[in-house]
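Input: a single structure, listed below in structure tokens.
Laboratory data are not the source of any read-out in this text; all were calculated from the coordinates shown. Being a predicted model, the structure only gives us computed values, none of them experimental. All Cβ positions, even for glycine, are placed from backbone atoms using ideal geometry, and neighbour counts span all protein chains on display.
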Amino acid sequence: AQSVAQPEDQVNVAEGNPLTVKCTYSVSGNPYLFWYVQYPNRGLQFLLKYITGDNLVKGSYGFEAEFNKSQTSFHLKKPSALVSDSALYFCAVRDLSNTGKLIFGQGTTLQVKP
Amino acid sequence: DAEITQSPRHKITETGRQVTLACHQTWNHNNMFWYRQDLGHGLRLIHYSYGVQDTNKGEVSDGYSVSRSNTEDLPLTLESAASSQTSVYFCASSSNFQETQYFGPGTRLLVL
């Protein structure tokens, strides 16, 4: 079965430090991977996706993610965290049965402290 | 600008009542999806549609129904609301399977 795991419920970083939010996946074929961010009382906003090509994907707000096929990971990164990056982050993989649905991880709360 | 909207944003209802949540998108997307978000579960798929008159069940479809009479709208109906359906509901749309899904702002539903 396809699945996504976000092993950390919460990540705490100081403003200006690099941040990483971890995601691992389990799919039987080539994965389509996504990161979304959710600010309080808001919907999910698309950050970036990996379909094919370069393993380092750049997205919105200075975020990037590295696809690692051997480790089945798709970690979200940012070189220098901002307090405004504090939010709930979801990793997702597209269902390979071509329903188009997304399978989400449980989410990781990022807290950036001044 | 194209967008996806949901209404109401907040709803309180009683057990046993029928409730309909609206989703409207102006992207002209063929695919539309309904998810529910619960603590510890991320987002789970309720129903989805590939186009007008097409609807399909997701992983948590019991107690819910949808209809697709036009491209822009996919209303979600709770036939007889239950306390277990207290949740935040998100609608999403995409142009095709490979493209990004865009989400609405969500509806927070409380069933008493």
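So how far, in whole Å, is the C-alpha centre of segment B:86-112 from the one of segment B:1-70?
Spelled out, the Cα-based centre of one part sits 6 Å from the other.
Averaged across the residues of A:105-112, what count of C-beta atoms belonging to other chains lies within 10 Å of each residue's C-beta?
Taking all residues of A:105-112 together, the mean is 2.
Find how much the distance from residue A:9 to residue A:77 grows on full extension, using 0.36 nm per residue of separation minus their present alpha carbon separation; answer in nm with one decimal.
22.9 nm
Rounded to the nearest 0.05, what FRET efficiency is calculated for residue A:111 and residue A:41 with R0 set to 22 Å and r the Cβ-Cβ distance?
Efficiency computed from Cβ-Cβ geometry: 0.80.
Would you mind checking which residues have amide H under 5 Å from residue A:15's amide H? H placed 1.01 Å from N; only 5 or more apart, or other chain.
Counting only residues 5 or more places away or on other chains, the set is A:113.
Please give the charge dipole size of chain A, origin at the Cα centre, charges +1 on K and R Cβ atoms and -1 on D and E Cβ atoms. Round to the nearest 20 debye.
160
Give the longest segment of chain B that steers clear of trypsin sites (Lys or Arg not before Pro) in DSSP loops with at most 16 neighbouring Cβ atoms within 10 Å, not counting the sites themselves.
Counting only loop sites that pass the neighbour cut-off, the longest clear stretch is B:18-112.
Defining a contact as two alpha carbons under 8 Å apart and six or more residues distant in sequence, what relative contact order in percent does segment B:1-102 show?
Relative CO of segment B:1-102 lands at 33 percent.
With charges set only on the Cβ (+1 for Lys and Arg, -1 for Asp and Glu), what does the dipole of segment B:25-73 come to about its Cα centre, in debye to the nearest 20?
Here the size comes out at about 60 debye.
For the cross-link pairs A:22/B:57; A:77/B:57; A:58/A:101, which exceed 25 Å when the distance is taken from alpha carbon to alpha carbon?
A:22/B:57; A:77/B:57
Determine the relative contact order of chain A: mean sequence separation of Cα pairs under 8 Å and six or more apart, normalised by residue count, in whole percent.
The value is 37 percent.
For chain B, with the dipole built from +1 on Lys and Arg beta-carbon atoms and -1 on Asp and Glu ones, taken about the Cα centre, which of B:56, B:82, B:71 lies farthest toward the positive end?
The residue sitting most towards the positive pole is B:82.
Roughly how many debye, to the nearest 20, is the charge dipole of the protein assembly as shown about its Cα centre, given +1 on each Lys and Arg Cβ, -1 on each Asp and Glu Cβ, and no other charges?
200
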